Amino acid sequence: MRRFPGTMATRTTPTNSSLGELQAKRNRLMSTSRQMVLGTYNQKKRIELQRLLTPLGIDLKTLQEFPNAIEVVEDGNSFGENAIKKATQQATHLGQWVLAEDSGLCVDALKGAPGIYSARFSGDDATDEKNNDLLLEKLTDIPAEKRGAHYVCHIALSSPLGEVVLESEDTCHGRIATERRGTNGFGYDPIFMIREYHLTFGQLGPAVKGLLSHRAKASRAFVASLSQMLRENPEMLRQETK
């Protein structure tokens with residue numbers, strides 16, 4: 001039988017040292033998990049984002065799980081400035097990867113208000129109900145064709161060292177209804193109407209909102225970029241498990 005050069009398969013047997021290194025690496029991965037802190041106490045926001053992060057093996061926590069979390073003053077001049085400030089200050093304080101977002105509603109007839117003041121539009125004791133009441137009151141005599149508005153969401157991710165490594169921003173356009181409609185969502189959702197559907201986010205429910213909202217679109221873009229970063233650096237976001 002003739003034997004041709006290069007046709008013989010070569011088998012290698014792992015050495016004890018290489019097996020030990022592989023096992024050590026496996027143990028390190030098993031003893032760590034990808035973890036990120038969402039810089040808010042709002043569980044509804046966490047639930048929306050966790051659905052997108054689960055395929056990446058990321059456990060998303062909120063500030064409720066960190067009693068020593070600080071209160072960051074949101075005094076920036078834009079959604080982006082506030083998101084970055086919340087992410088970096090909380091990250092360095094907690095020693096964690098922190099994802100922060102700043103979002104709000106901009107109404108054309110009010111020259112972009114409430115904008116970055118959306119959460120406290122009706123004052124220091126603002127609630128969703130009070131904010132909606134005030135907005136509807138200010139738009140009482142405004143006709144439908146001039147009630148245009150859009151949501152904005154800016155997302156920023158900071159390392160524990162306070163370095164912003166990823167940002168994303170998107171919008172969702174619609175108009176303000178003349179009364180509350182539906183009970184889904186939060187914030188201004190019961191009065192924010194999507195023109196194509198002639199329904200508010202409060203009526204459309206989480207499935208549709210999860211496709212169309214400013215936060216959903218910004219989050220999808222964020223997660224796509226984060227996925228690429230994790231492929232290039234698998235150890236990113238890993239935290240020691242206790």
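Kindly indicate the residue of the stretch 30-55 that is touching a strand residue (DSSP E or B) at 6+ places or on another chain (Cβ under 7 Å) and in a helix (DSSP H, G or I) and also surrounded by the fewest Cβ atoms within 10 Å (Cβ to Cβ) among those meeting that condition.
If we take residues in the stretch 30-55 being touching a strand residue (DSSP E or B) at 6+ places or on another chain (Cβ under 7 Å) and in a helix (DSSP H, G or I), then Gln43 is surrounded by the fewest Cβ atoms within 10 Å (Cβ to Cβ).
Taking Ser78, is it within 20 Å of the chain's Cα centre (by Cα) and among the polar types (S, T, N, Q)? Even if it seems obvious, please write down each step before you answer.
On the way: within 20 Å of the chain's Cα centre (by Cα): yes; among the polar types (S, T, N, Q): yes.
The answer is yes for Ser78.
Just the residues that are in a helix (DSSP H, G or I), hydrophobic (A, V, I, L, M, F, W, C) and touching a Pro at 6+ places or on another chain (Cβ under 9 Å), please, taken from the stretch 109-137. Full working, then the answer.
First pass over the stretch 109-137, keeping only residues in a helix (DSSP H, G or I): 109-110, 115-120, 128-137.
Filter once more, so that each one left must be hydrophobic (A, V, I, L, M, F, W, C): 109-110, 116, 119, 134-136.
Passing the criteria: Leu134, Leu135.
For residues that are part of a loop (DSSP other than H, G, I, E, B) and either among the hydrophobic types (A, V, I, L, M, F, W, C) or in contact (Cβ under 8 Å) with a residue 12 or more places away in the chain (or both), tally how many sit in the stretch 66-108. Reasoning before the result, please.
Pass one, the stretch 66-108, residues part of a loop (DSSP other than H, G, I, E, B): 66-78, 95-97.
Subsequent filtering for residues that are either among the hydrophobic types (A, V, I, L, M, F, W, C) or in contact (Cβ under 8 Å) with a residue 12 or more places away in the chain (or both) retains 66, 68-70, 72-74, 76-78, 95-97.
The qualifying residues number 13.
Quick one: is Val164 more than 24 Å from Lys111 (Cα to Cα) and at pLDDT 95 or above? Let's see the steps before the verdict.
On the way: more than 24 Å from Lys111 (Cα to Cα): yes; at pLDDT 95 or above: yes.
Considered against the rule, which asks whether it is more than 24 Å from Lys111 (Cα to Cα) and at pLDDT 95 or above, Val164 comes out as yes.
Hey, Leu22 hits all of (1) modelled with pLDDT of 95 or more; (2) touching a Pro at 6+ places or on another chain (Cβ under 9 Å) but one; which does it fall short on?
Leu22 satisfies all of (1) modelled with pLDDT of 95 or more; (2) touching a Pro at 6+ places or on another chain (Cβ under 9 Å) except (1).
Any idea which residue in the stretch 189-219 is surrounded by the fewest Cβ atoms within 10 Å (Cβ to Cβ), counting only those that are of a type in the set (Val, Ile, Thr) and assigned to a strand (DSSP E or B)?
Step one: filter the stretch 189-219 for residues of a type in the set (Val, Ile, Thr), giving 191, 194, 200, 208.
Applying the additional criterion that residues be assigned to a strand (DSSP E or B) yields 194, 200.
Numbers: Ile194: 19, Thr200: 24.
Selected residue: Ile194.
Among Leu110, Leu94, which is the only one that is touching a Phe, Trp or Tyr at 6+ places or on another chain (Cβ under 8 Å) and surrounded by fewer than 22 Cβ atoms within 10 Å (Cβ to Cβ)?
On the way: Leu110 fails: touching a Phe, Trp or Tyr at 6+ places or on another chain (Cβ under 8 Å).
Leu94 is the lone residue from the list that is touching a Phe, Trp or Tyr at 6+ places or on another chain (Cβ under 8 Å) and surrounded by fewer than 22 Cβ atoms within 10 Å (Cβ to Cβ).
The values are calculated or read from the model by the stated rules, or taken from the named source; none is laboratory data. A quick note: this is a predicted structure, and the numbers were derived from the prediction, not measured. Neighbour counts run over all protein chains shown; Cβ positions are idealised from the backbone, glycine included.
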